[in-house]
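Chemist: Questions regarding the structure given below will be posed in turn.
The values are calculated or read from the model by the stated rules, or taken from the named source; none is laboratory data. These figures come from a predicted structure and were not determined experimentally. Using ideal geometry, Cβ is built from the backbone for each residue, glycine included, and neighbour counts are taken over all protein chains shown. Calculation scope for accessible area: heavy atoms of the full protein, side chains included, ligands and nucleic acids excluded. Shrake-Rupley method; radii C 1.70, N 1.55, O 1.52, S 1.80 Å.
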Amino acid sequence: DDLPCMDNDDLRRGKPTNHKVFGEATAVLAGDALISFGAQLIIDKTPNNISKEVVLDIVNDYLKTAGAPGIVAGQIADIEAENKQITLENLKYIHKFKTGALFKCAILMGGKVAGCCKETLSKLSEYADNFGILFQIYDDIIDSVLTTEELGKTAGKDEKNHKSTYVTLLGVQKAKETFYSLIDKNCAILASLDIKSSIFDTIYDQLKEKVER
């Protein structure tokens, strides 16, 4: 979505984006290649002791997520929302798919490969939805308060492009409160499942470093 026809961003992680370095056509083809590469990785790297039925299930989940029902739908909704005042529910819909869909897919893949029951998968699904939203809130907050150099991408683009964000709809302080509330809910979900994750602990610590209460 950094392409000129969408977000048209020149920087990501402090480096020029693909289309700025290699041209728009190559950037489009790189995106196409990465989508198919994801499915290849799942098939090639899933351990042999995992049943073919589970592999087929998670590949199907991935392809739906990467396609029309997932991030494509979220991106289209995001484009249609430009230069409009949308509701908080509309915004949540956009980022449930545009931002959160692949996070959710990855988390549920882990649960399915581990053989989790339906109840556990349901809780992991709630966890994943929360994670996608809190990550987007984080992104909206830092976009409004940090510089381009600090962000590694162009600061203030959402405001310049008249896009609704969690900051524009809630204000910075309320957005921060929601961000921390979702982290607390997710920690409670993991505790209820007796799951300890150093990876998510590290992610939350890193996000909190840039979003003070």
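Chemist: Among 176-183, 14-21, 31-38, how do they line up from the highest to the lowest mean number of other beta-carbon atoms within 10 Å?
Modeler: Put in order of decreasing packing, that is 176-183, 14-21, 31-38.
Chemist: Report the semi-axes of the equivalent ellipsoid for segment 84-143 in whole Å, largest first, where each axis is √(5λ) for an eigenvalue λ of the Cα gyration tensor.
Modeler: Each semi-axis is the square root of five times an eigenvalue, giving 26, 11, 8 Å.
Chemist: With θ set to phi - 60° and the Karplus curve 6.51 cos²θ - 1.76 cosθ + 1.60, what are the ³J(HN,Hα) couplings of segment 38-46 in order, to the nearest whole Hz, using x for Gly and Pro?
Modeler: With coefficients 6.51, -1.76 and 1.60, one gets x, 5, 4, 4, 4, 5, 6, 9, 5 Hz.
Chemist: How much of the accessible area of the chain, in percent, comes from carbon and sulfur atoms when a 1.4 Å probe is used?
Modeler: Roughly 56 percent of what the probe reaches on the chain is carbon or sulfur.
Chemist: A follow-up question, please. Within segment 51-110, count lysine pairs with alpha carbon atoms under 22 angstrom apart where the residues are 8 or more positions apart or belong to different chains.
Modeler: 11
Chemist: Further question on the same structure: Looking at segment 34-110, which GluC sites (Glu not before Pro) are DSSP coil and have at most 14 other C-beta atoms within 10 Å of their C-beta?
Modeler: Glu82
Chemist: Label 7 Å along Cα→Cβ of Ser192; segment 103-125 residues with amide nitrogen under 18 Å?
Modeler: Zone members listed by number: 108, 111, 116-125.
Chemist: May I pose another question? Quote to one decimal, in nm, the extra length available between Ala39 and Glu119 on full extension: 0.36 nm per residue of separation minus the C-alpha distance between them.
Modeler: Difference between extended and current length: 26.2 nm.
Chemist: List the residues whose amide H sits under 5 Å from the amide H of Leu11, counting only those 5 or more places along or on another chain, with H placed 1.01 Å from N in the peptide plane.
Modeler: Thr17, Thr154
Chemist: Follow-up. Per-residue ellipticity at 222 nm for the chain, helices alone: DSSP H runs ≥ 4 residues times -39500 (n - 2.57), over residue total, nearest 500 deg cm²/dmol?
Modeler: -22000 deg cm²/dmol
Chemist: Let me ask something else about it. So, in nm, how far is label Asn60 from label Ser181 when the simple model puts each one 7 Å beyond its Cα toward the Cβ?
Modeler: Output for this residue pair reads 3.7 nm.
Chemist: Taking only the Cα atoms of the chain, how large is their convex hull per residue, in Å³?
Modeler: 133
Chemist: A 28 angstrom limit on the alpha carbon distance is what I want to check against. Which of Lys15/Lys210; Lys123/Lys174; Lys160/Lys210; Lys112/Lys163 exceed it?
Modeler: Cα-Cα > 28 Å for Lys112/Lys163; rest within.
Chemist: Would you give the gap between the C-alpha center of segment 189-213 and the C-alpha center of segment 85-138, rounded to a whole Å?
Modeler: 15
Chemist: Subtracting the Cα-Cα distance from 0.36 nm times the residue separation, let me have the gained length for Asn48 to Lys15 in nm, one decimal.
Modeler: Gain on stretching Asn48 to Lys15: 8.1 nm.
Chemist: May I ask you to give the solvent-accessible area per residue for segment 103-150, in square angstrom, as obtained with a 1.4 angstrom probe?
Modeler: On a per-residue basis, 45 Å².
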